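Chemist: The structure that follows is given in the form of structure tokens.
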């Protein structure tokens, strides 16, 4: 194999590794992988079971409760991301029950909330 071919193969490998790294950084910055419809449906089920006594959990119910923001209002906030929701689930908050949520449940609830974002 000639020196030029080895350099070309090395450059191709370097580019491929760089793209993989870039994808992993972008993926991590988003906070979570894109959720499938099953994850969103599970998040909706959890929201209805755990959250609807205080929050409007369905789309277009923004003024349903006075005290707690609707899930759509949360989704529409400028800083709401999968990562910010993940952090939210791990911290205690005044006027909220101290729920113990598994990482999978947190991902499902976050996916559901983000699915309500107005377009």
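Chemist: Out of all the residues in region 9-29, is one or more over 24 Å from residue 87 (Cβ atoms) and at pLDDT 80 or above?
Modeler: no
Okay, residues lined up against (1) assigned to a helix (DSSP H, G or I); (2) at pLDDT 90 or above; (3) under 18 Å from residue 56 (Cα atoms):
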| position | (1), (2), (3) |
| --- | --- |
| 85 | yes, yes, yes |
| 91 | no, no, no |
| 97 | no, no, yes |
| 100 | no, no, no |
| 111 | yes, yes, yes |
| 114 | yes, yes, yes |
| 119 | no, no, no |
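Chemist: If I filter region 66-74 for residues that are in contact with a helix residue (DSSP H, G or I) (Cβ under 7 Å, 6 or more places away or on another chain), modelled with pLDDT of 85 or more, assigned by TED's automatic domain parsing to the domain that holds residue 108 and within 20 Å of residue 105 (Cα to Cα), do I get at least one hit? Break it down stepwise before answering.
Modeler: Filtering region 66-74 down to residues in contact with a helix residue (DSSP H, G or I) (Cβ under 7 Å, 6 or more places away or on another chain) leaves 71, 74.
Narrowing further to those that are modelled with pLDDT of 85 or more: 71, 74.
From what's left, assigned by TED's automatic domain parsing to the domain that holds residue 108: 71, 74.
Okay, now just the ones that are also within 20 Å of residue 105 (Cα to Cα), so 71, 74.
Yes, region 66-74 contains a residue that is in contact with a helix residue (DSSP H, G or I) (Cβ under 7 Å, 6 or more places away or on another chain), modelled with pLDDT of 85 or more, assigned by TED's automatic domain parsing to the domain that holds residue 108 and within 20 Å of residue 105 (Cα to Cα).
Chemist: Given the conditions (1) assigned to a helix (DSSP H, G or I); (2) surrounded by 14 or more Cβ atoms within 10 Å (Cβ to Cβ), report the number of the one that residue 104 does not fulfil.
Modeler: Of the numbered conditions (1) assigned to a helix (DSSP H, G or I); (2) surrounded by 14 or more Cβ atoms within 10 Å (Cβ to Cβ), the odd one out for residue 104 is (2).
The values are calculated or read from the model by the stated rules, or taken from the named source; none is laboratory data. All figures in this text were calculated on a predicted structure; none of them were measured in a lab. Cβ sites come from the backbone with ideal geometry, for glycine too, and all protein chains shown count toward neighbours.
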